Amino acid sequence: MELRRKRAYDTASADDGFRVLVDRLWPRGVSKERADIDLWAKDTAPSPELRRDWHAAPDDQWEAYADRYREQLAQESAPALAALADELRPHPVVTLVYAAHDPVHTHAAVLEEALRSLI
């Protein structure tokens with residue numbers, strides 16, 4: 001399976017395969033038609049507390065945030081993560097869709113890493 005990431009504000013394409021929204025909140029200003037989402041995996045997104053902490057943190061705190069999110073995925077979100085991995089296995093191409101502006105410092109990158117270890 002090929003696993004990709006793409007911003008929700010970028011145009012959806014047929015090459016994206018199975019599109020999974022990995023944010024807890026729907027992306028502001030993006031219609032459901034434009035988003036073309038096949039699955040909304042909000043239970044694997046960072047908790048509201050973790051999300052608030054990340055938005056309030058300075059830019060140099062990325063690794064600490066990523067570690068906390070990895071811990072969340074390994075503990076309280078583990079069942080949701082396993083269910084998501086099961087759901088994705090039959091699809092040859094999966095695109096994780098997220099709203100963050102920074103494509104490197106985003107929870108989607110951490111989630112992609114966690115999914116790769118399960119698939």
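The values are calculated or read from the model by the stated rules, or taken from the named source; none is laboratory data. Model, not experiment: these values are computed from the prediction. No Cβ is skipped: glycine too gets one built from the backbone with ideal geometry, and neighbour counts run over all protein chains shown.
Any residue at all in region 104-111 that is over 10 Å from the mean Cα position of the chain (by Cα), at pLDDT 95 or above and either within 18 Å of Arg24 (Cα to Cα) or outside any helix (DSSP H, G or I) (or both)? No, every residue in region 104-111 fails to be over 10 Å from the mean Cα position of the chain (by Cα), at pLDDT 95 or above and either within 18 Å of Arg24 (Cα to Cα) or outside any helix (DSSP H, G or I) (or both). Within region 25-47, the residues that satisfy the criterion of being of a type in the set (Gly, Ala, Ser), surrounded by 13 or more Cβ atoms within 10 Å (Cβ to Cβ) and farther than 13 Å from Thr11 by Cα are Ala41, Ala45, Ser47. Would you tally the residues in region 54-81 being in contact with a helix residue (DSSP H, G or I) (Cβ under 7 Å, 6 or more places away or on another chain) and surrounded by fewer than 17 Cβ atoms within 10 Å (Cβ to Cβ)? Residues flagged as in contact with a helix residue (DSSP H, G or I) (Cβ under 7 Å, 6 or more places away or on another chain) and surrounded by fewer than 17 Cβ atoms within 10 Å (Cβ to Cβ) within region 54-81 amount to 3. Among the numbered conditions (1) buried (at least 18 other Cβ atoms within 10 Å of the Cβ); (2) of a type outside the set (Phe, Trp, Tyr); (3) touching a Lys or Arg at 6+ places or on another chain (Cβ under 7 Å); (4) farther than 24 Å from Leu118 by Cβ, the only one that Ala12 does not meet is (1). Taking into account only those residues within region 1-60 that are of a type in the set (Lys, Arg) and part of a helix (DSSP H, G or I), which is nearest to Ala80 (Cα to Cα)? The residue in question is Lys42.
Scanning region 82-103 for residues that are over 13 Å from the mean Cα position of the chain (by Cα), farther than 18 Å from Asp16 by Cβ and surrounded by 12 or more Cβ atoms within 10 Å (Cβ to Cβ) yields Ala82, Ala83.
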